[in-house]
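The values are calculated or read from the model by the stated rules, or taken from the named source; none is laboratory data. Treat the numbers as computed from the prediction; the structure is a model and nothing was measured. Cβ atoms come from the backbone with ideal geometry, glycine included; neighbour counts cover every protein chain shown.
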Amino acid sequence: MRRIASDPDFRAGFAEMVPACVAMVPFGLVCGVGAAAAGASVWGAIGLSAIVFSGAAQILAVQLLAAGAPLAVIVLTCFVAGLRFVIYSAAMAPYLRPLPARWQQGLAFLLTDQAFAASVRRFDAGADPHAGGRHFLGGGFALWMFWQATNVAGYFLGNLIPPSWSLDFAVPLCFIALVAPHFRTSPTIAAAVAAGVAVIALSGLPMKLNLIVAGVTGIVVGTLADFARERWTAR
Amino acid sequence: MDGALKLWAVVAIVGLLNYVSRLSFIALFARRHVPPLLVRAFRYVPAAMLTALVLPMIVGAPGAVGFAPAPKIVAATLAGIVAFFTRSTLKTLGAGMLALWALQAASGSMG
């Protein structure tokens, strides 16, 4: 542990993740507040943030728990919202392939939106895979530590934050930061528009089921638009 | 089901499913053939899922009290433009929060 902590790649990964960690502070606080509002014990809140380790899934879980949704609905909604990790996994796989299985299994746990964005930039710059792995570990570790600290702070101190600060708004902003840079190709925009229209049109559905339907609709529309574009350019 | 038990069931099951999602391709890569249709569909998961997640947080539900609070829509649009060009979470957050606070202060002083 001491050896890895003094490794230059690990340290660089840690340091480069600090701005993203700072940006995630309000989101972490909101998650902690949500866990407290849903009646979770402090250990329950820590379990959520430490093991689930996904802001989107945590927010959905505590909202659905507070609304008394059945376990199956909570699990399914969180799973669908977490499907994007499959994509990140697919994108990271070629880079992590030269690493030992235990490294792959450990780094997979730390795979988040933020760590993915940081690592892909790093690996694309042509780093050697072992240095890249240690870099990823440093960034993932920084994010995990910050995430636990801000979740616990939100759990205990959330009530001290004035509502006029609109801290909740930080949550959509963090997702906007992730999704807006994708809007560079027409099938991606089609996928987003279809998902957006569906999620609002179906907001009458109970237990956030509109989220699942809208996500699937967007994926289907994006894929069809991709085929259509291919046929169009092939002519 | 008891509330605490239900929460821990969520932690265990969602935690496991999230981990399986994260590990999926890292563990399977090159050992199995992934259908090309699936690879193509996967490309659109982030855009579709993140949009579906984020939009209700900004515009709310139609007909509900406080539907379409304009300051949030304007601030989110501005944040989206910043995100598109900078790809920085911190700058997106800063721009969005400052815009929201400015708009709320302006509407408060007017009204």
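At-a-glance table
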| item | result |
| --- | --- |
| Residue ID - nearest to A:Ile59 (Cα to Cα), chosen from residues in the range A:202-215 that are in contact (Cβ under 8 Å) with a residue 60 or more places away in the chain and within 8 Å of chain B (Cβ to nearest Cβ) | A:Leu211 |
| Of the criteria (1) within 28 Å of A:Asp9 (Cα to Cα); (2) more than 12 Å from chain B (Cβ to nearest Cβ), which one A:Gly158 fails | (1) |
| Evaluation of A:Val33 against (1) of a type outside the set (D, E, K, R); (2) outside any helix (DSSP H, G or I); (3) more than 9 Å from every other protein chain (Cβ to nearest Cβ); (4) at negative phi (one fails), failing number | (2) |
| Only one of A:Ala153, A:Ala142 that is in contact (Cβ under 8 Å) with a residue 24 or more places away in the chain, in a helix (DSSP H, G or I), more than 13 Å from chain B (Cβ to nearest Cβ) and surrounded by 21 or more Cβ atoms within 10 Å (Cβ to Cβ) | A:Ala142 |
| All positions within the range B:70-91 that are among the hydrophobic types (A, V, I, L, M, F, W, C) and crowded, with 18+ Cβ neighbours inside 10 Å | B:Ala75, B:Ala76, B:Leu78, B:Ala79, B:Val82, B:Ala83 |
| Condition check for B:Val54: within 7 Å of chain A (Cβ to nearest Cβ) and at pLDDT below 90 | no |
| Filter pass, B:Ala83 being at pLDDT 95 or above and either within 15 Å of the chain's Cα centre (by Cα) or more than 7 Å from chain A (Cβ to nearest Cβ) (or both) | yes |
| Residue, modelled with the lowest pLDDT, within the range B:1-24, restricted to residues that are facing chain A (nearest Cβ under 8 Å), over 18 Å from A:Ala81 (Cβ atoms) and outside any loop (DSSP other than H, G, I, E, B) | B:Gly3 |
| Sole residue being closer than 16 Å to A:Tyr88 by Cβ, crowded, with 21+ Cβ neighbours inside 10 Å and outside the structural domain of A:Ala57 (by TED's automatic domain parsing), chosen from A:Phe136, A:Phe116, A:Phe175 | A:Phe175 |
| Count - residues of the range A:76-87 that are touching a residue at least 12 places away in the same chain (Cβ under 8 Å) and within 7 Å of another protein chain (Cβ to nearest Cβ) | 6 |
| Residue satisfying all of: in the range A:44-102; assigned to a helix (DSSP H, G or I) and of a type in the set (Lys, Arg); surrounded by the fewest Cβ atoms within 10 Å (Cβ to Cβ) among these | A:Arg102 |
